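The values are calculated or read from the model by the stated rules, or taken from the named source; none is laboratory data. Note that the structure is a prediction, hence the values are computed from the model and not measured. Cβ placement follows ideal geometry from the backbone for every residue including glycine, while neighbour counts extend to all protein chains displayed.
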Ligand code: CP
């Protein structure tokens with residue numbers, strides 16, 4: 001196997017198409033393990049993975065734990081409320097103390113942009129960014145690319161010809177940033193749509209076409225990805241008049257969904273705020289692949305743990 005170019009997974013910025021495809025191709029080989037009656041292979045036996053989640057998470061934390069366990073790694077989960085950060089310990093001291101116990105991989109979620117890059121400089125373990133502030137959520141972008149490839153370009157080496165509309169709170173979404181980077185690198189056409197107050201300055205420079213209305217963005221799109229309003233990261237004056245109006249003009253309800261192509265797929269990284277950015281009937285409807293994203297997440301995180309956790313090295 002070609003060695004992986006990256007010691008850590010800190011962001012999609014700087015990744016090539018080959019880097020992304022290496023993860024997606026390997027994830028495809030791991031998918032089948034989750035369908036077996038005994039969902040375990042010995043690949044990472046003897047390795048230790050620490051999941052350090054200092055912000056809430058359901059999907060990312062659980063799927064990293066499941067991915068590590070399916071590869072036979074030993075896993076330890078640390079959350080904000082059960083760690084000594086609540087007693088005032090710094091991230092640096094936390095990282096140094098974890099390093100002293102010789103983990104092989106540290107998966108970090110943190111509210112500060114750059115937190116993963118910071119601890120990657122302090123520890124010998126490989127560091128995987130599970131979401132850092134407003135910066136990036138690279139493993140979400142990789143699982144989104146895996147989902148889109150599976151449904152729209154199975155087995156392909158790029159996403160050329162696929163149009164993806166990402167709608168919602170682009171400005172405060174680390175998922176949007178990583179998705180735009182990954183999708184553009186794979187050759188997809190990316191549109192983003194949000195109220196002007198939720199569009200970050202310079203988003204065009206990443207390669208996305210920018211809309212301040214949802215309708216032109218979703219028209220003729222092959223994939224529509226809805227994002228929730230990131231209340232925990234938004235600050236300052238109101239970004240929109242009220243939730244009802246936001247939902248009416250920027251939500252994916254039955255009116256907007258009627259504009260979609262027949263074979264368009266609907267995605268959402270979760271957690272969903274039902275009735276705000278997406279109607280329950282649309283989220284649970286036949287075009288939704290939202291739960292398949294979660295399934296792909298396990299395979300993609302198995303691939304990443306394998307690649308940076310030394311799965312190809314002899315013990
Ligand atoms: N998509 C995502 O990051 O979900 P969680 O916050 O539940 O991990």
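Worth a mention:
- When the strands (runs of 3 or more DSSP E) confined to the range 192-281 are screened for residues that are within 17 Å of residue 140 (Cβ to Cβ), those reaching at least 2 such residues are found at 223-226, 265-267.
- Within the range 207-223, one or more residues are buried (at least 24 other Cβ atoms within 10 Å of the Cβ) and within 26 Å of residue 63 (Cα to Cα).
- Output for the range 37-68, where each listed residue is more than 15 Å from the ligand (Cβ to nearest atom), in a loop (DSSP other than H, G, I, E, B) and surrounded by 15 or more Cβ atoms within 10 Å (Cβ to Cβ): 41, 43, 44, 47
- Residues being surrounded by fewer than 24 Cβ atoms within 10 Å (Cβ to Cβ), touching a helix residue (DSSP H, G or I) at 6+ places or on another chain (Cβ under 8 Å) and outside any loop (DSSP other than H, G, I, E, B) - total across the range 162-173: 0
- In the range 271-288, the qualifying residues are those that are out of contact with any strand residue (DSSP E or B) (no Cβ under 9 Å at 6 or more places or on another chain) and closer than 13 Å to residue 169 by Cα, and the one that is nearest to the ligand (Cβ to nearest atom) is 273.
- Residue identified as crowded, with 21+ Cβ neighbours inside 10 Å, free of Cβ contacts under 8 Å to residues at least 60 places away in the same chain, in contact with a helix residue (DSSP H, G or I) (Cβ under 8 Å, 6 or more places away or on another chain) and part of a loop (DSSP other than H, G, I, E, B) among 159, 183: 159
- Considered as a group, the residues in the range 117-150 that are surrounded by fewer than 19 Cβ atoms within 10 Å (Cβ to Cβ) and in a helix (DSSP H, G or I) include one that is farthest from the chain's Cα centre (by Cα), and that residue is 118.
- Residue check, residue 175 within 16 Å of the ligand (Cβ to nearest atom) and assigned by TED's automatic domain parsing to the domain that holds residue 79: no
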